[in-house]
1. Does any residue of region 235-249 turn out to be surrounded by 18 or more Cβ atoms within 10 Å (Cβ to Cβ), polar (S, T, N, Q) and part of a loop (DSSP other than H, G, I, E, B)?
2. How many residues does region 184-195 contain that are open to solvent by 40 Å² or more (accessible area, probe 1.4 Å), in contact (Cβ under 8 Å) with a residue 24 or more places away in the chain and more than 16 Å from ligand 2 (Cβ to nearest atom)?
3. Of all residues in region 261-286, count the ones that are part of a loop (DSSP other than H, G, I, E, B), touching a helix residue (DSSP H, G or I) at 6+ places or on another chain (Cβ under 6 Å) and within 16 Å of ligand 2 (Cβ to nearest atom).
4. Only one of (1) more than 23 Å from residue 219 (Cβ to Cβ); (2) out of contact with any Asp or Glu (no Cβ under 9 Å at 6 or more places or on another chain) is not met by residue 77, so which one is it?
5. Looking at (1) small (Gly, Ala, Ser); (2) away from ligand 2 (no atom under 16 Å from the Cβ); (3) surrounded by fewer than 21 Cβ atoms within 10 Å (Cβ to Cβ), which is the only condition residue 198 fails?
6. Could you look through region 279-297, keep only residues that are modelled with pLDDT of 95 or more and open to solvent by 50 Å² or more (accessible area, probe 1.4 Å), and pick out the one that is farthest from ligand 1 (Cβ to nearest atom)?
7. Going residue by residue through region 83-91, is there one that turns out to be within 13 Å of ligand 1 (Cβ to nearest atom), buried (at least 16 other Cβ atoms within 10 Å of the Cβ) and either more than 21 Å from the chain's Cα centre (by Cα) or within 26 Å of residue 225 (Cβ to Cβ) (or both)?
8. Anything in region 159-176 that is closer than 18 Å to residue 77 by Cα and assigned to a loop (DSSP other than H, G, I, E, B)? List them, or say none.
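The values are calculated or read from the model by the stated rules, or taken from the named source; none is laboratory data. Owing to the predicted nature of the structure, the values given are computational and were not obtained by experimental measurement. We place every Cβ from the backbone using ideal geometry, glycine too, and count neighbours over all the protein chains shown. With ligands, DNA and RNA removed, areas are computed over all heavy atoms of the protein, side chains included. Shrake-Rupley method; radii C 1.70, N 1.55, O 1.52, S 1.80 Å.
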Amino acid sequence: SSLIENNVRLDRILYPKPETLKPPRTDVLTIAPWLAPIIWNGIFNSDILNAQFHKRGVRIGLTTFAIKKYVRFMKDFLETAEKFFMVGHKVNYYIFTDRAHEIPNITIGEGRHIHIINVTGYQRWQDVTMRRMQMIRDETYSRFINEVDYLVCVDVDMRFYGSVGVEILGDVFGTLHPGFFGASRQQFTYDRNPKSVACIPVDEGDFYYAGGYFGGKIEEVYKLTNFCHSAMMTDKAIGIEALWHDESYLNKYFLYYKPTKILSPEYVWNNYYGSPAAVQIKRFVGVDKNYDEVRFR
Ligand code: UDP
Ligand code: MN
């Protein structure tokens, strides 16, 4: 049923009342000091969010890279994304690859499309991961801006095991790295070399964000990727590279340009970190890989 008043359509949705004195989660931080929500299982209602985003007819782009041997992760990635990623919404997969002919042919749901973007694979694995920033940036104004409203930029050596929906979308978002959500500033593996643009002093830093999961509106992803790529080029010119590559530059960006939404490690888990109580659902999980075999041979 709906009520039409002054061309505004108001739809009735039934759900339990939010309880001001009974917050759904008290075991984890659910809001940053700059008032960005931190998205944990239990704090949001997907029915309300889906209704809001459907009304706007939102279009979502999911970018990932399958360079060289990493094409092997594509099948599981796509098959599980079809089950769990933004189900019911308009989704464009953007697969950056140097092996287009090896991308598996998967049956894709209605309103969803796969787009292959041909790129050349850099020789060093560090360059493969770092150059993602440049490649995403270069497609933002030539392509993404015309095709989608939001971008979600992720690693490919991953599988979906639980729902990842519109609750993650916002102007610009980062994700808490599964290895550091309980860590101190000193323990964060930020780059500490004062010569690097990525350097973060030991008395600064909010969270340690994962390099393999960020996104937001197209304009914001442009700003983020452009900063990270430019910073890498500045460092490269004096022969340095930040400790954790693109992840170090991303952490620097988010320190001074804070994300408007932060995803809990549910969204980028790795079973290496076990099963802490705070993580009730592992929605997107790293696939075990033999680093030496997949990167070098
Ligand atoms: N990648 C790739 N080919 C490579 C190395 C990396 O396609 O030879 C891409 C791929 O999307 C991968 C991402 O870069 O998920 C980050 O690299 P990786 O997953 O190896 O980093 P880790 O998660 O182990 O830190
Ligand atoms: Mn990875």
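1. The initial filter retains those residues of region 235-249 that are surrounded by 18 or more Cβ atoms within 10 Å (Cβ to Cβ), namely 235, 241-242, 244-249.
Restricting the remaining residues to those that are polar (S, T, N, Q) gives 248.
From what is left, the residues that are part of a loop (DSSP other than H, G, I, E, B) are none.
No, that holds for no residue.
2. Initially, region 184-195 is screened for residues open to solvent by 40 Å² or more (accessible area, probe 1.4 Å), giving 184-187, 189, 192-195.
Still in the running and in contact (Cβ under 8 Å) with a residue 24 or more places away in the chain: 189, 192-193, 195.
Applying the additional criterion that residues be more than 16 Å from ligand 2 (Cβ to nearest atom) yields 192-193, 195.
Residues in region 184-195 being open to solvent by 40 Å² or more (accessible area, probe 1.4 Å), in contact (Cβ under 8 Å) with a residue 24 or more places away in the chain and more than 16 Å from ligand 2 (Cβ to nearest atom): 3 in total.
3. The qualifying residues number 1.
4. (2)
5. Answer for residue 198: the failing condition is (3).
6. Step one: of region 279-297, the residues modelled with pLDDT of 95 or more are 279-287.
This time we only want the ones that are open to solvent by 50 Å² or more (accessible area, probe 1.4 Å), so: 280-282.
Details: 280: 23, 281: 20, 282: 16 Å.
Among residues in region 279-297 that are modelled with pLDDT of 95 or more and open to solvent by 50 Å² or more (accessible area, probe 1.4 Å), the one farthest from ligand 1 (Cβ to nearest atom) is 280.
7. Start the filter on region 83-91 by keeping residues that are within 13 Å of ligand 1 (Cβ to nearest atom), which leaves none.
No; the residues of region 83-91 include none that is within 13 Å of ligand 1 (Cβ to nearest atom), buried (at least 16 other Cβ atoms within 10 Å of the Cβ) and either more than 21 Å from the chain's Cα centre (by Cα) or within 26 Å of residue 225 (Cβ to Cβ) (or both).
8. Filtering region 159-176 down to residues closer than 18 Å to residue 77 by Cα leaves 159-165.
Residues satisfying the conditions are 161, 162, 163, 165.
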